[in-house]
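Report on one structure; see the data block that follows.
The values are calculated or read from the model by the stated rules, or taken from the named source; none is laboratory data. This structure is a prediction, so every number in the text was calculated from the model and none was measured. Every residue, glycine as well, gets a Cβ built from its backbone with ideal geometry; the counts of neighbours run over all protein chains shown. Calculation scope for accessible area: heavy atoms of the full protein, side chains included, ligands and nucleic acids excluded. Shrake-Rupley method; radii C 1.70, N 1.55, O 1.52, S 1.80 Å.
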Amino acid sequence: MWMTLTQYSFFFNFQGKTTIILRCLDRDEPPKPTLALEYTYGRRAKGHNIPKDIAHFWELGGGTSLLDLISIPITSDTLRTFSLVLVLDLSKPNDLWPTMENLLQATKSHVDKMIMKLGKTNSKAASEMRQKIWSNMQKDHPDRELIDPFLIPLVIIGSKYDIFQDFDSEKRKVICKTLRFVAHYYGASLMFTSKSEALLLKIRGVINQLAFGIDKSKSICVDQNKPLFITAGLDSLSQIGSPPVPDNDIGKLHAHSPMELWKKVYERVFPPKSINTLKDIKDPARDPQYAESEVDEMRIQKDQVHQEKNQKVWGLNLWQ
């Protein structure tokens, strides 16, 4: 009897994701900047004369400026085999929280909508998804009533650990504790990586587990002086501790939720930069690798017509 192909979908975000994907797929090629939304896939043989499992990898480039594109790979049809892998740049701590917050909130909102849509056509599948996400946490875990897990598997990866490890110890402490809290609250796995072969192999193992059902690693490292590696469900609020701020200052922050409190504490140490993320994004339409002379000429003509039309409209407005 032939077995049906098992398909899994993944969604990567932000810095360093291409390097991780290439390493997981054993592809020895230099990574290129991700423009907009890009796709690749990997296969894994299960045995002789048995169809291979396929893992679909979607990469979102552009930081937080292209979040609307998440609706392309994440649909009510793909939801049950989808995992989210969020790759954050540890070397840019001032950008870390706003980037993480925007990406997670946008994705969570979209996933919730897809769950509701799935529930209208297949209520059993939607119910099973809600139940399955709690399987990573023991039934007697003390934090079960205090967290709000993502409805799809979530992995948070901190990249560029080789730069991060040279940070001041107190700053490392704030970043590590904050990411541990966020990951635990959302029922996610958390791990740090760099160009180190040993760390990349550990990340590869996690991705393979999500994609092909390979046994999940139960190793854990919560030492802020080493690369964090915490599988979903193995951390706890008691081990993470309170936000790194004097007790007499916590009441002055006026937070309405634990997540908001951690955010305010983090931003006291790493104030977010008020920059327009769009400025950092290259326009894919102007990238030389996607150049097509005939299409480009038609685009120029269209832009000229549009510009002339706008000039006429502005002229009418000025005379009115």
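Structure values in brief
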| item | result |
| --- | --- |
| Qualifying residue in region 69-77 (condition: in contact with an Asp or Glu (Cβ under 7 Å, 6 or more places away or on another chain), in a loop (DSSP other than H, G, I, E, B) and either on the phi > 0 side of the Ramachandran plot or at pLDDT 70 or above (or both)) | no |
| Residue ranges of helices (runs of 4 or more DSSP H) in region 135-232 with at least 2 members farther than 24 Å from residue 270 by Cα | 197-212 |
| Top-ranked residue of region 244-260 - restricted to ones that are open to solvent by less than 70 Å² (accessible area, probe 1.4 Å) and either of a type in the set (S, T, N, Q) or at pLDDT 90 or above (or both), ranked as nearest to the chain's Cα centre (by Cα) | 259 |
| Any pair with Cβ under 8 angstrom, 6 or more apart, that starts in region 67-79 at a residue that is farther than 15 Å from residue 55 by Cα and ends at one that is of a type in the set (Phe, Trp, Tyr) | 70/11; 72/58 |
| Odd one out for residue 166 among (1) touching a Ser or Thr at 6+ places or on another chain (Cβ under 6 Å); (2) surrounded by fewer than 19 Cβ atoms within 10 Å (Cβ to Cβ); (3) not small (Gly, Ala, Ser) | (1) |
| Residues located in region 184-231, provided they are closer than 23 Å to residue 53 by Cβ, open to solvent by 50 Å² or more (accessible area, probe 1.4 Å) and in contact with a strand residue (DSSP E or B) (Cβ under 7 Å, 6 or more places away or on another chain) | 202 |
| Which numbered condition residue 46 fails, given (1) modelled with pLDDT of 80 or more; (2) in a loop (DSSP other than H, G, I, E, B) | (1) |
| Selection status of residue 181, within 19 Å of the chain's Cα centre (by Cα) and crowded, with 16+ Cβ neighbours inside 10 Å | yes |
| Boolean, residue 99 is surrounded by 19 or more Cβ atoms within 10 Å (Cβ to Cβ) and polar (S, T, N, Q) | yes |
| Any chance residue 196 is of a type in the set (Ser, Thr, Tyr) and modelled with pLDDT under 80 | no |
| Test: residue 86 is in a strand (DSSP E or B) and either under 30 Å from residue 160 (Cα atoms) or over 14 Å from the mean Cα position of the chain (by Cα) (or both) | yes |
